[in-house]
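What follows draws every value from the coordinates through simple rules; no lab data is involved. Bear in mind the structure is a predicted one, so any value in this text is a computation, not a measurement. Because the Cβ atoms are built from the backbone with ideal geometry, glycine has one as well, and the counts that use them run over all protein chains shown.
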Amino acid sequence: MSANDPQPGKPTDLHDSAFLRACRREAVPHTPVWFMRQAGRSLPEYRKVREGIAMLDSCMRPDLVTEITLQPVRRHGVDAAIYFSDIVVPLKAIGIDLDIKPGVGPVVEEPVRTRADLDRLRPLEPDDVGYVTEAVRLLTAELGATPLIGFAGAPFTLASYLVEGGPSRNHERTKALMYGDPELWAALLDRLAVITSTFLKVQIEAGASAVQLFDSWAGALSEADYRLSVMPASEKVFASVAHYGVPRIHFGVGTGELLGAMGEAGADVVGADWRVPLGEAARRVGPGKAVQGNLDPAVLFAPREAVEVQARRVLDDARGLEGHIFNLGHGVLPETDPDALTRLVGYVHEQTAGS
Ligand code: CP3
């Protein structure tokens with residue numbers, strides 16, 4: 001068998017990969033699996049290549065991005081790769097003074113809080129992120145029939161980092177702006193929608209097979225406030241990439257009450273965390289969309305048998321749904337045993353083979 005021969009059980013054609021078929025709600029050879037934050041600190045090979053290189057610097061080096069993105073694909077045999085970057089990369093690329101502090105997250109030197117501050121949020125030009133185009137091209141050449149998922153942060157989640165100046169538990173300054181100056185808020189989210197749209201377009205045009213919009217912190221909002229003050233900007237992002245025909249995934253944490261709206265915003269696939277069983281999540285999302293999720297990432301710290309019981313429960317919850325992509329309900333936790341992730345991929349594949 002030469003290196004180019006198809007591996008047994010692996011799709012030979014990208015379009016027919018289990019992941020893309022599930023996104024389109026077509027029959028699959030097995031339930032596809034990938035993990036949010038599958039690249040990163042849980043992997044010793046990641047820690048090794050990142051030694052002495054700051055997070056944001058690593059995101060600007062196509063050689064490193066390619067290696068780090070491929071690491072979990074090689075190790076775990078997941079059904080999709082996710083482009084290694086961060087949601088704040090496009091903001092850095094337009095000149096916002098920010099850094100990712102280890103163990104903390106993105107920290108913005110001068111928060112965005114006034115109308116004058118908006119001027120710093122100029123549109124992103126594809127040339128600002130030429131390293132993304134280059135890395136996506138390198139990656140798609142290496143990945144062959146394994147799909148590459150591009151991603152971006154949604155306007156609300158980006159706004160939270162910009163307005164708060166860093167990670168926030170309660171998003172109080174963000175909400176103060178949203179309720180206190182709806183016009184400035186709408187202008188801020190609109191600028192972020194433009195930046196996010198370009199960042200996704202760059203990845204799709206370079207060869208990404210799907211995109212995920214991370215609205216990680218949208219679960220902090222009521223459905224009414226989400227629909228009024230956030231959804232229009234996310235809708236604009238999804239509409240701007242609709243013509244490419246690549247699946248669009250929408251995800252947030254604690255968004256049980258928002259699942260219907262997040263689907264309506266223009267997603268083909270809606271991600272749910274572990275708080276809502278997948279069958280119920282699919283009911284809330286409504287017909288015509290696939291669902292992604294939703295094993296609690298903390299479950300991976302339990303013994304193997306317990307992980308399998310919980311993974312089985314996720315599969316049972318998803319039984320009969322038209323399109324399920326297995327994932328965690330949020331990102332892989334840094335202390336996770338990578339072998340537990342590899343075993344989980346094998347378990348889901350084996351349990352769903354021929355289903
Ligand atoms: O494998 C993948 O999923 C791709 C890589 C990826 C990263 N960030 C790399 C990263 C993705 C998809 C993200 C998205 C991201 N970044 C989100 C949305 C997803 C989510 O988790 O809800 C958010 C909210 C951020 C902002 C951010 N960046 C946080 C909260 C942190 C963690 C801070 C910490 O150190 O605990 C980061 C840093 C970051 N982004 C790391 C990685 C691998 C860790 C930094 C490092 O390795 O030095």
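What is the order of R248, R169, fewest Cβ neighbours within 10 Å to most? Show your work: numbers first, answer last.
Numbers: R248 25, R169 8.
Going from least to most buried by this count: R169, R248.
Placing pseudo-labels 7 Å out from each Cα toward the beta carbon at E109 and R122 gives an inter-label distance of 1.6 nm.
Would you tally the net charge around L221, using a Cβ to Cβ cut-off of less than 14 Å, leaving L221 out, and scoring K and R as +1, D and E as -1? Charge balance near L221 sits at -3. Each DSSP beta bridge with both residues in the chain is either parallel or antiparallel, and the antiparallel ones are about 15%. For the Cα atoms of the chain, what angle does the longest principal axis make with the long axis of helix 338-352, in degrees from 0 to 90, nearest 10? Taking Cα atoms only, the helix is inclined about 60 degrees.
Restricting things to Cα coordinates, could you compute the convex hull volume per residue of region 14-352 in Å³?
Numbers: hull volume 39.3 nm³, N = 339.
Taking the convex hull of the Cα positions in region 14-352, it is 116 Å³ per residue.
My understanding is that a pair violates if its Cα-Cα distance is over 28 Å; which of K175/K236; K48/K201; K101/K236; K92/K236 do that in this structure? Working shown, then result.
Numbers: K175/K236 21 Å; K48/K201 31 Å; K101/K236 31 Å; K92/K236 22 Å.
Over 28 Å Cα-Cα: K48/K201; K101/K236.
Normalised by the number of residues in the chain, the average gap of Cα pairs under 8 Å and 6 or more apart makes the relative contact order 21 percent.
For N294, the amide hydrogen comes within under 5 Å of the amide hydrogens of N327, counting only partners 5 or more places away or on other chains and with H modelled in the peptide plane. Sorted ascending by nearby beta carbons within 10 Å, beginning with the fewest, S85, S234, S229 become S229, S85, S234.
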